[in-house]
Amino acid sequence: MVQTMLEVIALDATDAEAAQAGGADRLELTVDMAADGLTPPVTVLRDVLSATDLPVRVMLRDAPGFAPGDLDGLRRDAAALREAGAEEFVLGFLDAGGRVDEAACAALVAELDGCAWTFHRALDNSVDPEAAWAVVAGLGCDTVLAAGSARGVADGLAVLERLAARQDEVRLLVGGGLKAEHVAPLKALGVTGFHVGGAVRPGGWDAPLSADAVRTWANLV
């Protein structure tokens, strides 16, 4: 039986400590949630790696939206983050037509040199998330973070059901407006990966991450 996993968004070392105390299984490290999450500085990564022994997936995204702002800059960021200790990443790009930008993704993945990585919610914003799934699986990621809809899990449940049936290709990690009442039906579909951010910050993104809220989610999944 595949073990369930709770991934929690962390913005800094304090978040990382609280997430681990609450029972998170993995962290997604990012900054600037006003832009839906961008690449963290190397200094933040080092602080987080010193504060936790949880696996940490580091965001590679330099602009709002799903096109790379500066692909060469992102490649340099990836190299610097790997040198600082990053071993897992999160990325994903779409082209102007809303399809997976395979060339941009492949160029950045080449910098990762075999590191595990997640294709993030760019999938939900593509013109056809289900068609994009197969394309993304071919790029070499081991996980796809998706809500099934750009509007969030509540609107994407039908798509998530179909994606959950295709986890022989990659693992589905559900996040984006995920609520507690979604967990049981998603688990019944075979979903084993759950991703939360705002749900474990009762005071919003400018307030601390709550270890108690993480614990509630860890027990739920």
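The values are calculated or read from the model by the stated rules, or taken from the named source; none is laboratory data. Quick caveat, the model's predicted, so the values are computed rather than measured. Neighbour counts run over all protein chains shown; Cβ positions are idealised from the backbone, glycine included. Surface accessibility is based on the protein's heavy atoms, side chains included, excluding ligands, DNA and RNA. Shrake-Rupley method; radii C 1.70, N 1.55, O 1.52, S 1.80 Å.
Structure data summary
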| read-out | value |
| --- | --- |
| The stretch 66-79, residues that are modelled with pLDDT of 95 or more and open to solvent by less than 40 Å² (accessible area, probe 1.4 Å) | GLY73, LEU74, ALA78 |
| Residues satisfying the stated conditions in the stretch 4-43, i.e. buried (at least 20 other Cβ atoms within 10 Å of the Cβ), hydrophobic (A, V, I, L, M, F, W, C) and in contact with a strand residue (DSSP E or B) (Cβ under 7 Å, 6 or more places away or on another chain) | LEU6, VAL8, ILE9, ALA10, LEU11, ALA16, ALA19, ALA24, LEU27, LEU29 |
| Selection count where residues are closer than 20 Å to THR143 by Cα and outside any helix (DSSP H, G or I), scope the stretch 69-88 | 3 |
| Pick from the stretch 105-121, criterion in a helix (DSSP H, G or I) and not basic (Lys, Arg), ranking: surrounded by the fewest Cβ atoms within 10 Å (Cβ to Cβ) | ALA110 |
| Selection count where residues are farther than 24 Å from VAL183 by Cβ and either in contact with a Cys (Cβ under 9 Å, 6 or more places away or on another chain) or among the aliphatic types (A, V, I, L, M) (or both), scope the stretch 12-35 | 4 |
| The lone exception for LEU54 - which of (1) closer than 25 Å to ALA110 by Cβ; (2) open to solvent by 20 Å² or more (accessible area, probe 1.4 Å) it fails | (1) |
| Candidate set: the stretch 170-197, residues that are in contact (Cβ under 8 Å) with a residue 40 or more places away in the chain and in a helix (DSSP H, G or I); chosen: the one surrounded by the most Cβ atoms within 10 Å (Cβ to Cβ) | LYS187 |
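Conditions (1) over 18 Å from the mean Cα position of the chain (by Cα); (2) in a loop (DSSP other than H, G, I, E, B), marked per residue:
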| position | (1), (2) |
| --- | --- |
| VAL90 | no, no |
| GLY98 | yes, yes |
| ALA103 | yes, no |
| LEU123 | no, no |
| CYS141 | no, yes |
| SER149 | no, yes |
| LEU163 | no, no |
